[in-house]
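The values are calculated or read from the model by the stated rules, or taken from the named source; none is laboratory data. Everything numeric here is computed off the predicted structure, so don't read it as measured data. When we count neighbours, we look across all protein chains shown, and the Cβ atoms used for this are built from the backbone with ideal geometry, even at glycine.
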Amino acid sequence: MSSDPAYRGAASAASPPPPGAQTPGGQTPGGQTPGGQTPGGQTPGGQTPGGQTPGGQAAAGQAAGGGPTAGSCATAAEIASQPGRWRRAAALAPSADALPRSGERVAVVGCGTSWFVAQSYAALREARGQGHTDAFAASEFPRTRLARFYDRVLAISRSGTTTEVLALLDRLRGAARLSAVTAVPGAPVADAADETVVLDFADEESVVQTRFATSALALLRARLGEDVEAVAADGERALARELPPGLTGAEQVTFVGTGWTVGLAREAALKLREAAGAWTEAYPAMEYRHGPVSVTGPGRAVWALGALPAGLAEDVAAAGGALVADSGPHAAPDRRLDPMADLVRVHRLAVAVAQARGLDPDRPRNLTRSVVLPRAHVGGPEA
């Protein structure tokens, strides 16, 4: 783990612990989902008996799966557990009938991290020739779009309680097949959707999402026929590898991606903002020259997730910035990682930066596990 000095001008102290992991009404009577699946022994608030976090993760600081962590916190332990969770998620893919079928016209929706996972999946699915696929923030789903376009709407929601997602599924009921991927058995999203995939083993104690998001993407990638075992092996390498030098003390980081990794770049930037209050930005890689290059300079960095366009490394160097680019065909074979595995290094960096600033990555400022709003506060575009 890098020991670079902390950022100057650290953010204020982290917020108090969020309330229990599940909002009232999120668990059905008897602790079962409509399909009869039990939640795996979770007690109220998302803490399992014996000091384990949701999904069977060892207590904070006991990082299952090996690899260094940035410190003794639940987020670090959850980050370290990701490769094993990806394997479990991939094993569900062949029988996960709630997921889109080849040829369907699909909209994928979510909020925050789940929206960025939706973006990555939508790009992958179209690139695989599986059918028209769009990704939307749940609050921005066009009101007139459904009848013209989609056979299925797939919602991604870790808690299954996000107000914008539930409001959208209620509005779309009967107009298309509704599916959901969630971490919580019996969550309200299971009632709102026609079919649900539950990744309870990937649920998290932390407010900041890491392993649920990547496990959901592992499930979706496996459904598209990708080799998730190879991705998980890269994830283990990402956990064992030292962080790029200088990044913990960087003043600013710009993340870039191409195709399906644009969503990963946006998620990477969000993770550092959420956990550490860091100045981050994210763009499609070819957009970097159209403005974002102006903020690059000494003490700042560009992190490319996926392919690096020709000439971009030279542009970053000319601006005086550092470049991290280990997850595309340009990377040396002994260093090359799958882009989703490279995101694990960003997760680790987020914890390292937060702790260097004296912040608690388990309790980020102004955030809660799920955004639950009065329905009157939920709107949407008219077009």
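Things to note:
- Matching entry among SER294, SER327 (being of a type in the set (Ser, Thr, Tyr) and surrounded by 19 or more Cβ atoms within 10 Å (Cβ to Cβ)): SER327
- Scanning segment 142-195 for residues that are among the aliphatic types (A, V, I, L, M) and out of contact with any helix residue (DSSP H, G or I) (no Cβ under 9 Å at 6 or more places or on another chain) turns up ALA147, ALA187, ALA190.
- Qualifying residue in segment 184-198 (condition: part of a helix (DSSP H, G or I), acidic (Asp, Glu) and not assigned by TED's automatic domain parsing to the domain that holds VAL351): yes
Matching residues to (1) surrounded by fewer than 15 Cβ atoms within 10 Å (Cβ to Cβ); (2) more than 18 Å from the chain's Cα centre (by Cα); (3) at pLDDT below 90; (4) within 30 Å of PRO309 (Cβ to Cβ):
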{"position": "ARG336", "(1), (2), (3), (4)": "no, yes, no, yes"}
{"position": "ALA341", "(1), (2), (3), (4)": "no, no, no, yes"}
{"position": "VAL344", "(1), (2), (3), (4)": "no, no, no, yes"}
{"position": "HIS347", "(1), (2), (3), (4)": "no, no, no, yes"}
{"position": "GLY358", "(1), (2), (3), (4)": "yes, yes, no, no"}
{"position": "LEU367", "(1), (2), (3), (4)": "no, no, yes, no"}
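- Considering the conditions (1) at pLDDT below 95; (2) part of a helix (DSSP H, G or I), PRO245 is excluded by exactly one of them, (2).
- Pairs with Cβ under 8 Å, 6+ apart, first in segment 317-335 and among the polar types (S, T, N, Q), second not in a loop (DSSP other than H, G, I, E, B): SER327/THR261; SER327/ALA304; SER327/LEU305; SER327/PRO339; SER327/ALA341; SER327/ASP342
- Check on GLY321, touching a Lys or Arg at 6+ places or on another chain (Cβ under 8 Å) and either surrounded by 12 or more Cβ atoms within 10 Å (Cβ to Cβ) or among the aromatic types (Phe, Trp, Tyr) (or both): yes
- Qualifying residue in segment 337-346 (condition: in contact with a strand residue (DSSP E or B) (Cβ under 6 Å, 6 or more places away or on another chain), among the aliphatic types (A, V, I, L, M) and within 20 Å of GLY246 (Cα to Cα)): no
- Evaluated against (1) out of contact with any strand residue (DSSP E or B) (no Cβ under 9 Å at 6 or more places or on another chain); (2) of a type in the set (Val, Ile, Thr); (3) at pLDDT below 95, THR33 falls short on exactly one condition, (1).
- Considering residues of segment 104-156 that are under 22 Å from PRO284 (Cβ atoms) and among the basic types (Lys, Arg) only, the residue surrounded by the most Cβ atoms within 10 Å (Cβ to Cβ): ARG125
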